[in-house]
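Below you'll find the structure, written out as C-alpha cells, and then a few comments.
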C-alpha cells in the first residue's frame, strides 16, 4: 500500500495486537530482557546502550519500543486503568523519541500520523511488527 507519510491514511489498517506480537517473547522473558537493557541504559551494567552514539541511539530506541510493546501487551491482558495508563505513557515516550529520530522509524506511518488515531498504542504495534519482521529482537 502506497500511503503518504504523516497523512494518517490507512492507520486503521495497523496490525492487530495478535499480528503485532505474534513472534514476541513471552511476557516474563521480555520483562527480564527489558530490565537488563534498562540497566545497560542507566549505566548500571555495561552494554550497547553505553557505546557509540549511533549505536546508543538505536539501542535506546529498541529499549523504548520493547518497553512500550510490553506495556501494551500487559494492558491487553489486564485492561484496568493502571496498565492502560502505563501503556499510553510508554507509547507516548516512543512517539516523542521517534519524532526526534525519524530515521529510526521502520513502519509505514510516522509518529505524527498516529496523532490522528485514537491511541499511540497503534503506533507501538505498527513499529513492533515492522521491527520483528526485520529479524528483531535477536536477544
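Things worth noting here:
- Take the Cα of residue 133, step 7 Å toward its Cβ, do the same at residue 36, and the gap between the two points is 2.8 nm.
- Multiplying the residue separation of residue 45 and residue 112 by 0.36 nm and removing their Cα-Cα distance gives an extension gain of 20.7 nm.
- Extension gain from residue 26 to residue 78, taking 0.36 nm per residue of separation minus the Cα-Cα distance: 17.2 nm
- Cα Rg, Dmax, the range 26-133, angstrom units: 13.6, 40
- Label-point separation in nm, residue 85 to residue 19, each point 7 Å along Cα→Cβ: 3.2 nm
- Relative contact order, percent, the range 26-133 [alpha-carbon distance under 8 Å, six or more residues apart]: 21 percent
Read-outs: derived from the displayed coordinates by stated rules, not from any lab. Computed from a predicted model, the values in this text were never measured in an experiment. Don't worry about glycine lacking a Cβ; one is built from the backbone with ideal geometry, like all the others, and counts go over all protein chains shown.
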